[in-house]
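Read-outs throughout are calculated quantities, based only on the coordinates presented, and are distinct from any laboratory measurement. From a predicted model like this one, the values you see are computed outputs, not experimental measurements. All Cβ positions, glycine included, derive from the backbone under ideal geometry; neighbour counts span all protein chains shown.
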Amino acid sequence: MDGYGMQNQIACIRRSLFDQGYLDEQFIQLEELQDDANPNFVQEIVTLFYTDSTRLIQNIELTLNSRPINFSKLDDYMHQFKGSSSSIGAKKVTSECAVFRQYCAAGNAEACIRNFQHIKQEHAILRKKLEFYFQMMGQAAVAQTR
Amino acid sequence: MAPTLPSGDQASDQDNWDNGRLARKRQLLTEIVLRNRLTALVVDGDTTCRVLEQLLLRSYEVQTQGVDNGRDAVALIASGVKFNLIIIDMILPVLNGLEATRQIRDMGVHCKMLGVTACSGESERQAFLAAGVDVFIEKPLDPEHLVPILRELDGQ
């Protein structure tokens, strides 16, 4: 695929991430913070998010599996998760976190457990999509230097 | 008065005109050149959020420091370090944001404090304002909220 075709494909991938509701405007803020001094900033921030949020998911899982469930601790973890998801523009993940906090406030263990599966799914789907997007960007950058 | 457009293209050209107007409005809201050197403390237990908030501030040439818990924030302020702006999350490790804010205000610190948090309920907003933050912002912190505050601090 030539450079122009690749750029086109990358633009389509990016647009679909917004159109399908995976990302919101906050992701554009990240892109605007990227410059020549930090050319891989967006990818680095997303990597940081996934490193931290994977640990958070483990903590949430442990808390959900303990009896009795410590809803206050659970809410603190989810507060952090919601905050960091929203900061990278992860729209669906953030929405699911907001729903979880409502179930948590109501002390509804079953709903929390069920909703947490949705959160993990959306978290994993977005990760795959972003990894593919960054991979394409990397290939395009290499093609440009040839 | 909006420009008169050929009816066949009216919807898409009108959309472009509106989008252009919105983009220009956003540009006016988020562009700023600071006359003074401003300093800010970011207090957030989440690394991603803290890094992003500091970077956003630095993009406007605000000098920043970051700490990841309320106790360290209070200790830093108590040591005499002064900031024009403190950005603080509500839920923090070690010492929570509400208590940290109260303690900072009890020290006689009058700088602008922004409560930037993932909490969005009215009761949480009232609690944070009652603790002493000047502004409550639901995460993520964005230029539309930040720039007017920087302008005010810069005396613009």
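Summary table
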{"quantity": "Farthest toward positive dipole pole in the protein assembly as shown [+1 Lys/Arg, -1 Asp/Glu at C-beta], among B:Ser79, B:Ala127, B:Val62", "calculated": "B:Ser79"}
{"quantity": "Helix-only CD estimate at 222 nm, as mean residue ellipticity for chain A, using -39500 (n - 2.57) per DSSP H run (n ≥ 4)", "calculated": "-28500 deg cm²/dmol"}
{"quantity": "Rounded to whole Hz, the Karplus (6.51, -1.76, 1.60) HN-Hα couplings of the stretch B:92-108, x for glycine and proline", "calculated": "10, x, 6, 10, 6, x, 5, 5, 4, 4, 4, 5, 5, 5, 5, 7, x"}
{"quantity": "For A:83-96, mean number of other protein chain Cβ atoms within 10 Å", "calculated": "4"}
{"quantity": "Neighbour-count order for B:Thr47, A:Thr94, fewest beta carbons within 10 angstrom listed first", "calculated": "B:Thr47, A:Thr94"}
{"quantity": "For residues of A:69-82, the mean tally of beta carbons on other chains within 10 Å", "calculated": "3"}
{"quantity": "Inter-probe distance in nm under a simple model that places probes 7 Å from Cα toward Cβ, at A:Asp19 and B:Arg102", "calculated": "5.2 nm"}
{"quantity": "Count, lysine Cα pairs under 20 Å in chain A, 8 or more residues apart or across chains", "calculated": "15"}
{"quantity": "Karplus-derived 3J(HN,Hα), 6.51/-1.76/1.60, for each residue of the stretch B:140-147, Hz, glycine and proline x", "calculated": "x, 5, 10, x, 4, 8, 6, 4"}
{"quantity": "Virtual spin-label span in nm between A:Asn59 and B:Arg151, 7 Å along Cα→Cβ", "calculated": "3.8 nm"}
{"quantity": "At most 14 other Cβ within 10 Å, DSSP loop - chymotrypsin sites (Phe, Trp or Tyr not before Pro), the stretch A:1-60", "calculated": "none"}
{"quantity": "Prolate/oblate/rounded call for the stretch A:76-130, Cα gyration tensor, a/c under 1.5 rounded", "calculated": "oblate"}
{"quantity": "Cβ-based net charge around A:Cys97, under 12 Å, with every Lys or Arg adding one and every Asp or Glu removing one", "calculated": "+3"}
{"quantity": "Within straight-line cross-link reach of B:Lys82, lysines at Cα separation under 29 Å, skipping those fewer than 8 residues along the same chain", "calculated": "B:Lys112, B:Lys139"}
{"quantity": "Net charge dipole size for the stretch B:58-115 [Lys, Arg +1 and Asp, Glu -1 on Cβ; Debye, nearest 20]", "calculated": "160 debye"}
{"quantity": "Stretchable slack from A:Ile125 to A:Asp2, in nm (0.36 nm times residue separation minus alpha-carbon distance)", "calculated": "41.5 nm"}
{"quantity": "Cα gyration tensor, chain A - rounded (a/c under 1.5), prolate or oblate", "calculated": "prolate"}
{"quantity": "Long-range HN-HN contacts of B:Thr64 with modeled amide H, under 5 Å", "calculated": "B:Ala40"}
{"quantity": "Ranked packing of B:83-95, B:136-148, A:63-75, most packed first, by mean Cβ within 10 Å", "calculated": "B:83-95, B:136-148, A:63-75"}
{"quantity": "Cβ-based exposure ranking for A:Ser16, A:Ser87, in which fewest neighbours within 10 Å come first", "calculated": "A:Ser16, A:Ser87"}
{"quantity": "Given charges at beta-carbon only (K, R positive; D, E negative), |dipole| of the protein assembly as shown in Debye", "calculated": "420 debye"}
{"quantity": "Cβ-derived FRET efficiency at R0 30 Å, A:Gln139 paired with A:Glu110, nearest 0.05", "calculated": "0.10"}
{"quantity": "Phi to ³J(HN,Hα) by Karplus 6.51 cos²θ - 1.76 cosθ + 1.60 over the stretch A:98-112, Hz, x for Gly, Pro", "calculated": "5, 5, 4, 5, 5, 5, 5, 4, 8, x, 8, 4, 4, 5, 4"}
{"quantity": "Amide hydrogen neighbours beyond the local backbone of B:Ile87, cut-off 5 Å, H modeled", "calculated": "B:Leu41, B:Val42, B:Val43, B:Leu114"}
